[in-house]
Amino acid sequence: PTVLLPELRSLLASGRAQLIDVRSREEAAAGTIPGALNIPVSELETALQMEPAAFKALYSTEKPKLEDENLIFFCQRGKRGFQATQLALGLGYKGARNYKGAYSEWFQKE
């Protein structure tokens with residue numbers, strides 16, 4: 001399940017997407033898509049299995065719910081975002097999707 005740039009823009013504009021940047025902290029600090037939460041792919045499985053209160057304490061935001069639609073993962077070029085999407089789907093996150101263009105496309109076009 002993927003999302004392309006025009007749909008991503010629309011989802012973000014309407015506030016209907018939850019974006020997770022799965023790149024390293026260093027990569028995300030250098031620039032990310034506005035509103036994205038940075039959870040490096042190496043931490044993602046642990047994060048998605050945390051109790052909601054622990055997740056909120058660590059990431060300062062509500063933990064995604066299994067039934068949330070448009071839980072969108074992205075990385076620099078697409079590979080880690082794809083891995084993150086597969087991981088989330090495997091954990092039961094029905095709305096997990098990968099932003100196929102990744103940050104490189106966003107950076108070029110925004």
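The values are calculated or read from the model by the stated rules, or taken from the named source; none is laboratory data. Because the structure is a prediction, the values reported are computed rather than measured. Please note: Cβ atoms are built from the backbone with ideal geometry, for glycine as well, and neighbour counts cover all protein chains shown. SASA here: full protein model, heavy atoms, side chains in, ligands and nucleic acids out. Shrake-Rupley method; radii C 1.70, N 1.55, O 1.52, S 1.80 Å.
A single member of Thr85, Thr32, Thr46 is of a type in the set (Val, Ile, Thr) and open to solvent by 80 Å² or more (accessible area, probe 1.4 Å), and it is Thr46. Among the residues of segment 67-81, those that are over 10 Å from the mean Cα position of the chain (by Cα) and either closer than 22 Å to Arg9 by Cβ or at pLDDT below 95 (or both) comprise Asp68, Glu69, Gln76, Arg77, Gly78, Arg80. Checking Glu62, Glu26 one by one, the residue that is open to solvent by 50 Å² or more (accessible area, probe 1.4 Å) and part of a helix (DSSP H, G or I) is Glu26 and no other. Looking across segment 70-82, the residues that are outside any loop (DSSP other than H, G, I, E, B), open to solvent by less than 70 Å² (accessible area, probe 1.4 Å) and closer than 17 Å to Glu27 by Cα come down to Phe73, Phe74, Arg80, Gly81. Consider segment 88-110 and keep the residues that are aromatic (Phe, Trp, Tyr) and more than 13 Å from the chain's Cα centre (by Cα). The one that is least open to solvent (accessible area, probe 1.4 Å) is Trp106.
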